[in-house]
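Asks: One structure, as structure tokens, below. Some questions next.
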């Protein structure tokens, strides 16, 4: 059973969700949701600028033991794949194809649509430590004319069309998928599912590891642990990248 907490105009749903887990969490499944997040953020604390109609939420839930211990590095990608699939279904009968920029950004028509931010926290219950996921989600639904100065994407071309987006239905499908994650093809075979949506599949890319190191080569997909595989021209072995940011050319 999931409980939705509708927030009027929070600075960040993720901040509120994290604070709740650290101070007052009782292993319930929660969704902190807002249409008017004022100061959201993404990976590495980068600011997230929402469209005029957007979806901002942070989902809090205990993680299945096997998932938490066997696929910690894969989880951001797995949840991004899940959300892409559910958004496409939510848009039916309109045909929408969403891509992914490793490891957790959603793209539509070559432009950023949204992304996820995952925090894993440990809590103690009945003398056992448990993993709790705090899954932040930011999706652009629609822009007002002239407001999209960042040249980002959105699910709909205008606010009028966006009235057809059913937020409740989206969360219903997403919570069901999370509750049954062990049996989802995305969890069972994430590398293959990612390959179908990888916006840089087979391309020459550069990945910033940190401020001083960049790895460049052919994108060969991901391995079983979710690491990005790069074939550098100067090396015979594949370079495996755990964290980094793919740079646009």
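Values quoted throughout were computed directly from the atomic coordinates according to the rules given, and no laboratory measurement underlies them. The structure presented is a predicted model; accordingly, all values stated were derived computationally and were not measured. So basically every Cβ, Gly included, is an ideal-geometry build from the backbone, and we count neighbours across all protein chains shown.
Asks: Could you work out how far the C-alpha centroid of the range 142-167 sits from that of the range 223-249, in angstrom?
Replies: 34
Asks: If you average 1/r over every pair of different alpha-carbon atoms in the range 204-247 and take one over that average, what Kirkwood value in Å do you get?
Replies: One over the average 1/r among Cα pairs gives 10.4 Å for the range 204-247.
Asks: Please report 233, 51, 206 as a ranked list, fewest other C-beta atoms within 10 angstrom at the top and most at the bottom.
Replies: Lowest to highest Cβ neighbour count: 233, 206, 51.
Asks: Could you check what % of the DSSP bridge pairs in the chain are antiparallel, to the nearest 5?
Replies: Expressed as a percentage, antiparallel bridges in the chain total about 90.
Asks: Could you line up 21, 134, 4 from fewest to most neighbouring Cβ atoms inside 10 Å?
Replies: Going from least to most buried by this count: 4, 21, 134.
Asks: Largest first and to the nearest Å, give the Cα extent of the chain along each principal axis.
Replies: 55, 52, 35
Asks: Let me ask something else. In whole percent, what relative contact order does the chain give with Cα contacts below 8 Å and a gap of six or more residues?
Replies: 16
Asks: Okay, moving on. What number, rounded to the nearest 500 deg cm²/dmol, is the helix-based mean residue ellipticity at 222 nm of the chain, given -39500 (n - 2.57) per DSSP H run of at least four residues and division by all its residues?
Replies: -7000 deg cm²/dmol
Asks: Which ordering of 59, 1 is given by a fewest-first count of other beta-carbon atoms within 10 Å?
Replies: Exposure proxy ranking, most exposed first: 1, 59.
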